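Q: Here you go, one structure.
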Amino acid sequence: MSLGFSIHSNIHDYDVFIEQTPEFIDNLTALPLTCFVVDENVWKIYGTTLLRSIPGPSRIILPINEDRKNLETVQELYDGLVDRPAKRNLTLVSIGGGILQDITGFAASTLYRGIHWIFVPTTLLAQADSCIGSKTSLNYRGYKNLIGTFFPPTRVYIYPPFLQSLLDPDFYSGFGEVVKLHLMGGIDFFHQISRQAPDILQREPAALVTAIRDSLKIKLDFMSGDEFDSGRRNLLNYGHDFGHALENTSDFAVPHGQAVIFGMLAANLVARNRNLLDKNLEQGIAETLLIPSLIVRPSPQALEPRLLIRAMQKDKKRTGDLLALVMMTNDFNFVRVNDLTSDEVISALAALQQLYVH
Ligand SMILES: NC(=O)c1ccc[n+]([C@@H]2O[C@H](COP(=O)([O-])OP(=O)(O)OC[C@H]3O[C@@H](n4cnc5c(N)ncnc54)[C@H](O)[C@@H]3O)[C@@H](O)[C@H]2O)c1
Ligand SMILES: [Zn+2]
């Protein structure tokens, strides 16, 4: 039994299934002309259990970390694929988190100008956020996601029990994106996630399914009609302007979704200083939801304003001389501005240091 929905894409439509039992894995291993690429950590945990039916010759085990989300690792993968008899009729099945998704998705979209691709996300971040949206991204010279393509998988199989083995920093990282999406969904979703947070953080199965399903629905709503990210979809970058910069200045010691929480705190402070967000709402969101979800603390060096500003200047979504920022405003509306000044960044970071980062 699985819950499912279809997503329209200008490249090709695709289906997302939320699975309650693991039979889908055996069905995937029965497909012809398939190569499985499995995150090494996932393989170590599930190689002799859930994933044991994947035949040796059809699998590549890939060690991943954010430093390896680059063209060299993609080349490694091409090397493991080009000698196989299947060419454009090859199906790549990726099993892992958002990093494995980005590496394998980029490879699947470029090898032979595109092969079949199925994705089995195994982290909260990948299940609740990155598995839909058709973006593949690689880092370039230490800066986030500067290279990439638009290429959705043909199918996504979400199996929430995978989340039970995630380490806390990775689970809380995914939770950052879940919180972001629920804030973007409006006040009712904000209240819902505030109520549900303890159950989700306890990894209670029913709470996980609801959080994943609702996060994907909200994301889909922002994406529809703007797959290629020229308008409304851009607002999903909420938390990411500062967040990406912090990933860079911390040398990726702060996981992506944790950096996004920090980014939301900072963006809300700028919005408050611009009188776009009431102080009470800013503080309420920070104290009930954002701060309790932040378990990885950046080093003082990573929070150095000059370094963060320099990293923000590398953001690919920036168009002019000033910095770009997506902010939440009252009534849970979102706006993107292109006129953020260095002074505003400095004062938001100072307030953040004082209030929240001890
Ligand atoms: N393409 C997109 O649309 C998109 C969207 C959001 C984020 N991202 C990218 O996703 C990446 C972050 O993804 P992530 O948070 O999934 O990180 P990740 O892929 O690094 O996974 C986190 C850690 O968990 C391990 N792991 C994976 N599944 C596991 C499991 N079931 N049990 C135990 N350990 C497991 C991994 O080996 C890794 O060490 C970032 O690079 C970010 O830029 C991409
Ligand atoms: Zn993100």
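Q: Output the pairs from K144/K219; K87/K180; K87/K314; K44/K87 with a Cα-Cα distance over 31 Å in this structure; if there are none, say none.
A: K87/K180; K87/K314
Q: Kindly state, to the nearest 0.05, the FRET efficiency for D83 paired with T149, given R0 = 25 Å and r defined as their beta-carbon distance.
A: 0.60
Q: Still on this structure, I have one more. With angles folded into 0 to 90 degrees, how steeply does helix 71-82 sit against the dominant principal axis of the chain? Use alpha carbons for both and round to 10.
A: 20
Q: Could you give the nm distance between label points at L167 and A253, where each point is 7 Å from its Cα heading toward the beta carbon?
A: That separation, rounded to one decimal, is 1.4 nm.
Q: Right, something else. Calculate what fraction, in whole %, of the accessible area of the chain sits on carbon and sulfur atoms when a 1.4 Å probe is rolled over the protein chains.
A: The nonpolar share, carbon plus sulfur, comes to 51 percent.
Q: Determine the calculated [θ] at 222 nm for the chain from helices alone, applying -39500 (n - 2.57) to every DSSP H run no shorter than 4 residues and normalising by the residue count; nearest 500 deg cm²/dmol. Please list the in-between numbers first.
A: Values: 12 runs with 147 residues, N = 358.
One gets -13000 deg cm²/dmol as the mean residue ellipticity at 222 nm.
Q: Another one. In terms of modelled amide H atoms, which long-range or inter-chain residues lie less than 5 Å from the amide H of L62?
A: V38, D39, E40
Q: How much length is gained on full extension from R336 to N234, taking 0.36 nm per residue of separation minus their Cα-Cα distance?
A: This chain segment gains 35.9 nm when fully extended.
Q: Based on the alpha carbons, how large is the Rg to Rh ratio for segment 1-98 when Rh follows Kirkwood? If you can, show how the numbers build up before the last one.
A: Working: Rg = 14.7 Å, Rh = 15.1 Å.
Rg/Rh: 0.97.
Q: Hey, got the Cα dimensions of segment 249-296 along the principal axes, in Å, largest first?
A: If we take the Cα atoms of segment 249-296, the spans are 33, 21, 10 Å.
Q: Which whole-number percent gives the relative contact order of segment 1-106, counting Cα pairs below 8 Å spaced six or more residues apart?
A: Reported as a whole number, the value is 29 percent.
Q: Separate question: Using the eigenvalues of the Cα gyration tensor, what equivalent ellipsoid semi-axes result for segment 197-289 when each is taken as the square root of five times the eigenvalue, whole Å, largest first?
A: Values for segment 197-289, descending: 22, 19, 17 Å.
Q: Name the residue, out of V337, V209, V345, whose mean-square fluctuation peaks in a Gaussian network model built on the chain with Cα pairs under 10 Å.
A: In this elastic network of the chain, the residue with the biggest mean-square fluctuation among V337, V209, V345 is V337.
Q: Let me ask you something else. Using a 7 Å offset from the Cα along the Cα-to-Cβ direction at both K44 and L31, what is the distance between the two label points in nm, to one decimal?
A: My value for the distance between the label points is 2.8 nm.
Q: Also: Under a GNM of the chain (C-alpha, springs under 10 Å), which listed residue has the highest mean-square fluctuation: R272, R88, R113?
A: Among R272, R88, R113, the largest mean-square fluctuation in the Gaussian network model of the chain belongs to R113.
Q: Next question. Among I132, I118, I54, determine the one that fluctuates most according to a GNM of the chain built with springs between C-alpha atoms less than 10 Å apart.
A: Answer for the Gaussian network model of the chain: I54.
Q: Run the reach check for K135 against aspartates and glutamates, Cα to Cα strictly under 13 Å, same-chain hits fewer than 8 apart removed. What comes back?
A: Of all the aspartates and glutamates, those that pass the test against K135 - Cα under 13 Å, at least 8 places apart if same chain - are D102, D226, E227, D229.
Q: Within segment 154-197, which residues have the backbone N less than 17 Å from the label spot 7 Å out from T288 along Cα→beta-carbon, could you tell me?
A: So the set is 179-197.
Q: To the nearest 10 degrees, how steeply does helix 98-110 sit against the main Cα axis of the chain, on a 0 to 90 scale?
A: That helix lies at roughly 60 degrees to the long axis.
Q: In whole Hz, what ³J(HN,Hα) sequence does segment 159-170 give by Karplus (6.51, -1.76, 1.60; θ = phi - 60°), x for Gly and Pro?
A: Once θ is set to phi - 60°, the couplings for segment 159-170 become 10, x, x, 4, 6, 5, 9, 5, 6, 3, x, 6 Hz.
Q: Still on this model: For segment 184-338, what is the convex hull volume of the alpha-carbon atoms per residue, in Å³?
A: It is 121 Å³ per residue.
Q: Please report, largest first and rounded to whole Å, the three semi-axes of the ellipsoid equivalent to segment 62-181, where each semi-axis is the square root of five times an eigenvalue of the C-alpha gyration tensor.
A: In descending order, the three semi-axes are 24, 16, 13 Å.
Q: Check which residues have an amide H placed less than 5 Å from K135's amide H, if you skip close sequence neighbours.
A: F151
Q: Could you report the chain's accessible area per residue, 1.4 Å probe, as an integer in Å²?
A: Values: 14950 Å² over 358 residues.
In whole numbers, the chain has 42 Å² accessible per residue.
Q: Along the principal axes of its C-alpha atoms, what lengths does the chain span, in descending order and rounded to whole Å?
A: Its Cα atoms span 60, 40, 37 Å along the three principal axes.
Q: 5 Å is the cut-off here: which amide hydrogens, built 1.01 Å from N in the peptide plane, fall below it relative to V93, excluding neighbours closer than 5 in sequence?
A: C35, F36, V37, I118
Q: A further question on this structure: Please state the relative contact order of the chain as a whole percent: Cα pairs under 8 Å, 6+ residues apart?
A: After rounding, I find 14 percent.
The values are calculated or read from the model by the stated rules, or taken from the named source; none is laboratory data. This one's a predicted model, so the numbers in the text were calculated from it and none came from an experiment. Using ideal geometry, Cβ is built from the backbone for each residue, glycine included, and neighbour counts are taken over all protein chains shown. Ligands, DNA and RNA are excluded from the accessible area calculation, which covers all protein heavy atoms including side chains. Shrake-Rupley method; radii C 1.70, N 1.55, O 1.52, S 1.80 Å.
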